[in-house]
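Participant: Structure in structure tokens, see below.
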Amino acid sequence: MQTEIKFAGFGGQGILLSAKLLAYAAMKQGSFVAWIPSYGPEMRGGTAYCTVVISDKLIGSPIIKNPTHLVAMNRPSLEKFANDVKPGGIVFINSSLIPVRSNRTDVDELAVPVNEVAIKAGSVRAANIVALSAFAARSKLVDLDLLKQCVKDEFAAKAKIIPLNMEAFDQGVKLAAN
């Protein structure tokens, strides 16, 4: 089975990192994975998106027009990509920055105030980890303990921010259950 996830938002929101962490966890579980980033030349502040393809078979093409799921971290991303999501998929919305919904009745919509949750955890810079863990908990695409370890490994060189990211991760998982 093949699943495609599009992570989208402003440059600087950790879009590519979130997608990379999900891809690593899926790879460590034994899945075939493709990770395709896309961002404008302005990077920070410009639009950034990344597609992750996870499959139990070889991946024929990493280019996806209609992803299974969307993680939208800003309103332009929701407006641009929400209608492309396949029916039955998940549309994750960062409700801190997106005051509207997808208006889709054929998807599982998960709205989480990731910025506020990250600030309570210690820094708004962990918003992408809140979003990643909430999406992963809802989608059940990867083992959460494995994903959490991938987050720890990613920040191993910056050990003092690991507790912040672990708190952000745990809070995201809790919010996915609501």
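Residues are listed down the side, and each one gets a yes or a no for (1) of a type in the set (V, I, T); (2) more than 17 Å from I15 (Cα to Cα); (3) in contact with a helix residue (DSSP H, G or I) (Cβ under 7 Å, 6 or more places away or on another chain):
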{"site": "N66", "(1), (2), (3)": "no, yes, yes"}
{"site": "M73", "(1), (2), (3)": "no, no, yes"}
{"site": "V114", "(1), (2), (3)": "yes, no, yes"}
{"site": "A118", "(1), (2), (3)": "no, no, yes"}
{"site": "P163", "(1), (2), (3)": "no, yes, no"}
{"site": "G172", "(1), (2), (3)": "no, no, yes"}
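Participant: Among the listed residues K80, K158, K148, identify the single one that is modelled with pLDDT under 95 and surrounded by 15 or more Cβ atoms within 10 Å (Cβ to Cβ).
Facilitator: Only one candidate qualifies: K80.
Participant: Within region 90-110, which residues are crowded, with 17+ Cβ neighbours inside 10 Å and either among the hydrophobic types (A, V, I, L, M, F, W, C) or touching a Cys at 6+ places or on another chain (Cβ under 7 Å) (or both)?
Facilitator: Once the filter is applied, which keeps residues that are crowded, with 17+ Cβ neighbours inside 10 Å and either among the hydrophobic types (A, V, I, L, M, F, W, C) or touching a Cys at 6+ places or on another chain (Cβ under 7 Å) (or both), region 90-110 yields I90, V91, F92, I93, L97, I98, V107, L110.
Participant: Determine, yes or no, whether P113 is surrounded by fewer than 19 Cβ atoms within 10 Å (Cβ to Cβ) and within 15 Å of the chain's Cα centre (by Cα).
Facilitator: Yes: the conditions hold for P113.
Participant: Further, regarding this structure: From T47, T51, T105, grab the single residue that is in contact with a Gly (Cβ under 7 Å, 6 or more places away or on another chain) and among the polar types (S, T, N, Q).
Facilitator: T47
Participant: Inside region 1-116, counting only strands (runs of 3 or more DSSP E) that do not spill past its ends, which hold 2 or more residues that are charged (D, E, K, R)?
Facilitator: It comes to 2-10, 108-112.
Participant: I want to confirm something. Restricting to region 8-34 and keeping residues that are at pLDDT 95 or above and of a type in the set (F, W, Y), which single residue is farthest from N66 (Cα to Cα)?
Facilitator: Y24
The values are calculated or read from the model by the stated rules, or taken from the named source; none is laboratory data. These numbers were taken from a predicted model, which means no experiment stands behind them. Note: ideal-geometry Cβ built from the backbone for every residue, glycine included; neighbour counts use all protein chains shown.
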